[in-house]
């Protein structure tokens, strides 16, 4: 009976690990899309707001009003809040040493969005750096999402 119980426990553990890995990858993908999207929205919104025209209290107040009443900037803030929530959730069940390097895929998405959405020129040397970062992300992705004891991570499981 003990052998069957051990096999069942091992199967249950592998299933929990698979679900945790899937959940982590889904939320890392959300982070990879939401973070750069919020920055693109901030950039577009701030292009509409324009540069600060002075450092007097009245000019600063007016500028702040223009920023926070700009719909694109507000959408960027909402997107950044969703990114932060996704980050909090992932960090509640996966190791920081996994999440931060794995989320570095943002650099590739930032370059792609900058090039295709904002019309920025991305030089070959920058693309090479991004390729190296992506290789590092792939290497990190081969490691377990969490190496902390199961007791710590039990709250993250349904």
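The values are calculated or read from the model by the stated rules, or taken from the named source; none is laboratory data. The structure presented is a predicted model; accordingly, all values stated were derived computationally and were not measured. As a convention, Cβ positions derive from the backbone with ideal geometry for all residues, glycine included, and neighbour counts pool all protein chains shown.
For region 56-79, the condition holds for at least one residue, the condition being that it is part of a helix (DSSP H, G or I), buried (at least 17 other Cβ atoms within 10 Å of the Cβ) and either on the phi > 0 side of the Ramachandran plot or touching a residue at least 40 places away in the same chain (Cβ under 8 Å) (or both).
When 118, 135 are screened for being assigned to a loop (DSSP other than H, G, I, E, B) and within 21 Å of the chain's Cα centre (by Cα), only 118 passes.
Report yes if some residue within region 21-40 is outside any helix (DSSP H, G or I) and either touching a helix residue (DSSP H, G or I) at 6+ places or on another chain (Cβ under 9 Å) or touching a residue at least 24 places away in the same chain (Cβ under 8 Å) (or both); otherwise report no.
No, the conditions are met nowhere in region 21-40.
In this structure, does residue 127 turn out to be touching a residue at least 12 places away in the same chain (Cβ under 8 Å), over 29 Å from residue 19 (Cα atoms) and part of a helix (DSSP H, G or I)? Judged against the criteria, residue 127 is a match. Is it the case that some residue within region 29-44 is modelled with pLDDT of 95 or more and over 30 Å from residue 105 (Cβ atoms)? Within region 29-44, none of the residues are modelled with pLDDT of 95 or more and over 30 Å from residue 105 (Cβ atoms).
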